[in-house]
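Chemist: Have a look at this one before I ask anything.
Here, each number is a calculation from the coordinates, and none is a lab measurement. For clarity, every value in this text was computed on a predicted model and none was experimentally measured. When we count neighbours, we look across all protein chains shown, and the Cβ atoms used for this are built from the backbone with ideal geometry, even at glycine.
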Amino acid sequence: MTDNDRAFCTATASLLRASGTIAAWGLALSGISMTVLALTGRSLSLTSCMGFGAVVIVGVLERYLALRIRLDIGLFDALAQGTLPSLASLDGALHRLGVLEVSQAPATPRALDARVVGARHLMRRHGIAVVCQSALFLLALLTQDLQ
């Protein structure tokens with residue numbers, strides 16, 4: 001890898017790390033919703049109860065996406081620091097872990113630019129999941145007293 005590639009990996013890891021605030025917000029929404037359901041679920045309106053439940057369900061997807069982002073942060077950091085010397089060695093390690101299926105492993109490794117685009121798409125999907133959680137949470141709060 002060239003110095004420009006390492007710098008690109010560092011910048012990508014930093015960008016992904018910045019989404020940690022969004023992940024914390026999504027986790028907080030899930031936790032608050034679970035607490036509300038556990039403590040006051042029987043006294044809530046059906047719409048509000050379903051809203052808080054939907055926040056928790058979307059929160060499962062949000063946690064998975066946050067986990068994938070954390071994995072990508074580590075991988076881009078390792079590429080930037082030279083711990084992973086090449087994209088081919090990264091693909092080999094992911095294949096051995098079972099994260100990359102044999103049918104997905106191409107003969108030549110995927111380009112760094114394509115990996116960064118994929119990471120940005122993952123970050124965007126995570127943001128969309130948290131926006132959905134926020135909207136559902138707001139809906140649940142607004143319909144809390146409608147019985």
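Chemist: So what's the back-of-envelope 222 nm ellipticity for the chain, counting only DSSP H runs of four-plus at -39500 (n - 2.57) apiece and dividing by all residues, rounded to 500?
Modeler: The per-residue figure over the chain is -27500 deg cm²/dmol.
Chemist: Which angle from 0 to 90°, rounded to the nearest 10, does the C-alpha axis of helix 87-97 make with the longest principal axis of the chain?
Modeler: Roughly 50 degrees between the two axes.
Chemist: Something else about it: Based on the alpha carbon coordinates of the chain, what radius of gyration and maximum Cα-Cα distance (Dmax) apply, in Å?
Modeler: When restricted to Cα atoms, the chain yields Rg and Dmax of 19.5, 63 Å.
Chemist: Any chance you could give the angle, 0 to 90 degrees and rounded to 10, that helix 3-18 forms with the longest Cα principal axis of the chain?
Modeler: For helix 3-18, the angle is close to 10 degrees.
Chemist: Quick check for me: using +1 on Lys/Arg Cβ and -1 on Asp/Glu Cβ, what's the dipole size of the stretch 12-147 about its Cα centre, in debye to the nearest 20?
Modeler: Once rounded to the nearest 20, the dipole reads 60 debye.
Chemist: If one takes the longest principal axis of the Cα atoms in the chain, at what angle in degrees, from 0 to 90 and to the nearest 10, does the Cα axis of helix 20-40 lie?
Modeler: 30
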